[in-house]
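Peer 1: The structure that follows is given in the form of C-alpha cells.
What follows draws every value from the coordinates through simple rules; no lab data is involved. Worth saying up front: this structure is predicted, and the values here are computed from it rather than measured. For neighbour counting, all protein chains shown are included, and Cβ atoms are generated from backbone atoms with ideal geometry for every residue, glycine included.
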Amino acid sequence: MEPHTIEVRELTKRYGATTAVAGLSFVVRPGRVTGFLGPNGAGKSTTMRMILGLDRPTSGAALVGGRPYTQAPVPMRCAGALLDAAAVHPGRTAYHHLLALARSNGIGRRRVDEVLGVVGLADVAGRRIRAFSLGMRQRLGIAAALLGDPPVLILDEPVNGLDPEGIRWVRTLVRSLAAEGRTVLFSSHLMSEVEDTADHLIVIGRGRLIADTTMADFLRSGRQHHVRVRSPQSARLARVLRDAAATVDVLDDDTLSVSGLPSERIADLAAEAGLRLYELSAQRTSLESAFMELTQEAVQYRAAEPLGEQR
Ligand code: ADP
C-alpha cells in the first residue's frame with residue numbers, strides 16, 4: 001500500500017435503525033483528486049468522520065497512511081480536513097482561530113501566515129469570523145486543513161454554497177494539491193461540482209459502493225453522450241453522421257443532437273464533407289443524468305423509509 005493512501009475496509013455505521021454506511025470498501029490514492037459522490041444522505045460525511053476518527057465504526061476500519069488517523073503522532077500533519085465550515089468560534093478572528101489550532105498541534109506562527117496567504121484571507125485575518133461570508137468561512141476551513149502541510153486532504157462538500165468564482169478557486173487549489181502528490185478526497189452531492197476537478201470517482205448510495213472508477217471510464221461508460229451540433233447545412237450533416245453510425249436527432253432547423261460520436265470526430269467528418277459548423281458542444285447534462293441514473297435506485301429506497309429515520 002502506498003504511504004499516503006486512505007483505505008476504507010468493510011466499513012459499516014449504524015445509528016439505531018438507520019444504516020448510514022454499509023460494508024463500504026475503497027482506496028484513495030495520492031497524486032489525484034478523488035471525487036466522493038452520492039446523493040444527500042448517502043453516507044459521505046459519516047464515512048469521512050470515521051476516516052478521521054470522529055465517529056466509531058459499527059464494524060470495519062478506516063486507515064490513513066496505513067493506520068487509524070487517531071494514532072498519528074500529529075494528526076494535522078497526517079491529514080487535513082474540512083468538515084463543517086460553520087463549526088468555528090464566531091467571536092474569534094480568523095488569525096486567532098488558526099493560531100489556536102496551530103498551537104495545539106505544535107505548528108508555528110509562520111505557517112498560520114502562510115496558509116492565510118494561500119487561501120487569500122491575509123487582508124481580513126484580523127476580522128472576527130462572525131462577519132465572514134460563507135465563502136470566506138469555507139476558505140478559512142481550507143486554511144485550517146492545510147495548516148499541518150498534510151499529504152492527505154479530506155474535504156466534505158468544499159464548494160457547497162460558493163459562488164462561481166469561489167468554486168473555480170477551490171477547483172484550482174485542489175488540483176494543485178493533487179499535482180504536488182497529495183491525496184485529495186473531495187465530496188459532493190452534485191456531479192457538476194466534481195466533473196472538472198476529479199480524476200477518480202467513488203460513488204455511493206445508501207451507504208454502499210456504486211462505482212469506483214476513473215473519471216475517464218465513468219464518462220465512457222455513462223449514458224450515451226450527446227453533442228449539440230448547429231450547422232446551416234444540418235440535413236446534409238445528419239446524413240454524413242448517420243453514415244458514420246451516429247444516432248442523430250433533429251432538434252430544429254439547424255440543430256442536431258448527436259450521440260455515438262465524440263465532438264472531434266463530428267468536426268472532422270463535417271470538414272471532410274465541406275460542411276460548416278456554427279456550434280459543437282458536448283452536453284454536460286448527460287453526465288449529471290448518468291450519475292442520477294446510477295444512484296436513483298438508492299434514492300428511491302431512501303425516500304420510502306419512514307421519516308423518523310431521516311436526520
Ligand atoms: P451525506 O454526507 O452523504 O449527505 P450522511 O453521512 O450525512 O450522508 O448521512 C447518512 C445517513 O446517516 C443519513 O440517513 C443520516 O440521516 C444518518 N445520520 C448521519 N449522522 C447521524 C447521527 N449522528 N445520528 C443518526 N443518524 C445519522
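Peer 1: Could you put ASP84, ASP212 in order, starting from the residue whose Cβ has the fewest other Cβ atoms within 10 Å?
Peer 2: On the way: ASP84 12, ASP212 16.
Ordered by Cβ neighbours within 10 Å, fewest first: ASP84, ASP212.
Peer 1: To the nearest 0.05, what FRET efficiency results for TYR278 and ASP243 with a Förster distance of 22 Å applied to their C-beta separation? All intermediate terms of the calculation are to be shown ahead of the outcome.
Peer 2: Numbers: r = 21 Å, r/R0 = 0.97.
According to the calculation, E is roughly 0.55.
Peer 1: Okay, next question. For the stretch 65-78, in order, what is each residue's ³J(HN,Hα) by Karplus, 6.51 cos²θ - 1.76 cosθ + 1.60 with θ = phi - 60°, in whole Hz (x at glycine and Pro)?
Peer 2: Values, residue by residue: x, x, 9, x, 3, 5, 8, 5, x, 10, x, 4, 8, 8 Hz.
Peer 1: Taking the beta-carbon count within 10 Å as an exposure proxy, list ARG265, ARG276, ARG182 from fewest neighbours to most. Spell out each step's value before the answer.
Peer 2: On the way: ARG265 15, ARG276 11, ARG182 22.
Ascending Cβ contact count within 10 Å gives the list ARG276, ARG265, ARG182.
Peer 1: Another question, then. Using the Cβ atoms and a cut-off under 14 Å, what net charge is assigned to the surroundings of ARG265, where Lys and Arg are +1 and Asp and Glu are -1? Write down the numbers at each step before the final one.
Peer 2: Details: positive: ARG242; negative: ASP243, GLU264, ASP268, GLU272.
Cβ neighbours under 14 Å give a net charge of -3.
Peer 1: Of LEU241, LEU147, how do they rank once you tally other Cβ atoms within 10 Å and put the fewest first?
Peer 2: Details: LEU241 26, LEU147 20.
Taking fewest neighbouring Cβ atoms as first place, the list is LEU147, LEU241.
Peer 1: If you average 1/r over all unlike Cα pairs in the stretch 226-283 and invert the result, what Kirkwood radius do you get in angstrom? Spell out each step's value before the answer.
Peer 2: Numbers: mean 1/r = 0.0941 Å⁻¹.
Computed over Cα pairs of the stretch 226-283, the Kirkwood hydrodynamic radius comes out at 10.6 Å.
Peer 1: Amide H to amide H under 5 Å from LEU153: which residues, 5+ apart in sequence or cross-chain, H placed 1.01 Å off N in plane?
Peer 2: Residues meeting the criterion, in which the H sits 1.01 Å from N, are GLY80, THR183, VAL184, LEU185.
Peer 1: Once you list every other residue whose beta carbon is under 14 Å from the beta carbon of ASN160, what net charge do they have if Lys and Arg are +1 and Asp and Glu are -1? If you can, show how the numbers build up before the last one.
Peer 2: Values: positive: LYS44, ARG137, ARG139, ARG171; negative: ASP84, ASP156, GLU157, ASP163, GLU193.
That sum, taken over residues with Cβ under 14 Å, equals -1.
Peer 1: Tell me, rounded to the nearest percent, the portion of alpha carbon pairs in the stretch 6-220 spaced more than 26 Å apart.
Peer 2: Details: 7556 of 23005 pairs.
Percentage above 26 Å: 33.
Peer 1: Further question: So for the chain: antiparallel DSSP bridges make up what percent, rounded to the nearest 5? Could the numbers behind the result be given before it?
Peer 2: Values: 34 of 52 bridges.
DSSP beta bridges in the chain are roughly 65 percent antiparallel.
Peer 1: Can you give me the long-range amide H partners of ASP212? Hydrogens built in the peptide plane at 1.01 Å from N, cutoff under 5 Å, separation of 5 or more residues or another chain.
Peer 2: VAL203
Peer 1: Starting from the amide H of ALA22, placed 1.01 Å from N in the peptide plane, find each other amide H under 5 Å away whose residue is 5 or more places distant or on another chain.
Peer 2: Distant-sequence amide H within range of ALA22: LYS13, ARG208.
Peer 1: Something else now. Suppose every K and R has +1 on its Cβ and every D and E has -1 on its Cβ; what is the size of the dipole of the chain about the Cα centre, in Debye to the nearest 20?
Peer 2: Dipole about the Cα centre, nearest 20: 1240 debye.
Peer 1: What percent does the relative contact order of the stretch 226-283 come to when contacts are Cα pairs within less than 8 Å and at least six residues apart?
Peer 2: Relative contact order, the stretch 226-283: 50 percent.
Peer 1: Now a separate question. Each residue of the stretch 33-41 in order: what ³J(HN,Hα) in whole Hz does its phi give by Karplus 6.51 cos²θ - 1.76 cosθ + 1.60, θ = phi - 60°, with x for Gly and Pro?
Peer 2: Karplus-based 3J(HN,Hα) across the stretch 33-41 equals 8, 9, x, 10, 10, x, x, 3, x Hz.
Peer 1: Next question. If R0 is 45 Å, what FRET efficiency do you get for VAL74 and ARG208 from their C-beta distance, rounded to 0.05? Intermediate results must be reported in sequence, preceding the final value.
Peer 2: Numbers: r = 34 Å, r/R0 = 0.75.
Efficiency, from the Cβ-Cβ distance: 0.85.
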